1. With a 10 Å cut-off between alpha carbons and a GNM built on the chain, which of 313, 73, 24 moves the most?
2. Identify which of 122, 23, 287 has the largest mean-square fluctuation in a Gaussian network model of the chain, with springs joining Cα atoms closer than 10 Å.
3. Taking the simple approach of a point 7 Å from Cα along Cα-to-Cβ for both residue 73 and residue 323, what is their distance in nm?
4. Cα axis of helix 94-103 to longest principal axis of the chain: angle in degrees, 0 to 90, nearest 10?
5. Considering the chain as a Gaussian network with a 10 Å cut-off on Cα pairs, which listed residue, 148, 171, 238, attains the greatest mean-square fluctuation?
6. Using only Cα atoms, find the angle between the long axis of helix 11-27 and the longest principal axis of the chain, and express it within 0 to 90 degrees, rounded to the nearest 10.
7. Give the distance, in whole Å, between the Cα centre of the stretch 1-52 and the Cα centre of the stretch 170-238.
8. Need the C-alpha centroid separation for the stretch 116-146 versus the stretch 278-323, integer Å.
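Please treat every number below as a calculation from the coordinates, not as lab data. In this text the structure is predicted, and so the values were computed from the model without any measurement. Note that we place each Cβ from the backbone using ideal geometry, even for glycine, and neighbour counts take in every protein chain shown.
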């Protein structure tokens with residue numbers, strides 16, 4: 001049996017969905033699993049032994065150039081020649097539902113009341129019901145496993161094996177310490193209101209007095225990283241790195257502290273201790289475990305209408321994060 005999983009983006013969502021693969025493969029070892037993903041996230045999936053083929057698309061390019069639409073349609077139609085027995089849309093958006101339709105006749109995905117773009121559900125034969133405000137990881141696990149008759153429990157997810165794979169990068173030898181604990185700071189995210197202040201990250205670095213490495217992905221994040229480095233003796237900004245090296249440095253760290261964003265969720269996928277800092281987003285995006293902790297501002301979050309003007313993350317006391325970090329270290 002051959003299946004295609006459509007999960008195009010974003011980084012955190014892809015990571016939360018990938019956890020299901022090890023259990024699906026264990027239940028159905030002969031199953032061929034291909035994954036359709038935005039080309040920028042291909043390295044995130046690379047090396048995973050449970051994925052047979054990674055099939056990149058570039059649907060984001062259509063926003064800038066409408067002529068790319070036909071190019072991408074033809075690309076997906078070419079992938080459809082693999083003759084999939086089932087296509088699972090684990091995204092639940094119109095663009096992913098249309099992609100799934102082009103890929104194969106038999107399709108599964110979320111039910112109408114389980115996703116924001118409910119009309120997408122009309123493209124599926126098998127519809128999976130799970131509350132829209134349920135845990136994000138549970139939602140992904142169920143939509144990927146239920147159409148295959150596989151059950152993935154919360155206990156199984158808590159006992160998962162690490163599922164992000166990487167090649168070692170010698171570049172990291174100059175940054176990782178053998179004398180001190182290595183702590184990764186993830187300081188950016190897609191919304192400004194999800195970003196914990198750089199000044200408070202510096203306070204945390206000063207208090208922990210370990211080897212802090214700051215990951216960044218944009219020019220703005222680079223400036224923040226350099227500011228933190230300039231205002232503490234314990235933090236260094238990493239150079240610009242690719243997704244493979246990001247996985248590698250997180251896998252070799254002792255703790256990650258970061259905003260609710262994709263690179264922070266990598267720590268969970270690698271079974272590395274982490275503290276995720278939440279402001280305007282719900283904490284049930286993640287699993288809380290003995291090594292994966294969260295800290296949330298006092299604001300109330302509406303799952304159905306997130307407030308990008310909620311800057312309550314600024315109010316979180318860095319000393320609370322420091323004490324949590326010491327417990328994990």
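1. Maximum among the listed residues: 73.
2. Judging by the Gaussian network model, the answer is 122.
3. 6.0 nm
4. That works out to roughly 50 degrees.
5. The residue that fluctuates most here is 171.
6. That works out to roughly 60 degrees.
7. 30 Å
8. 24 Å
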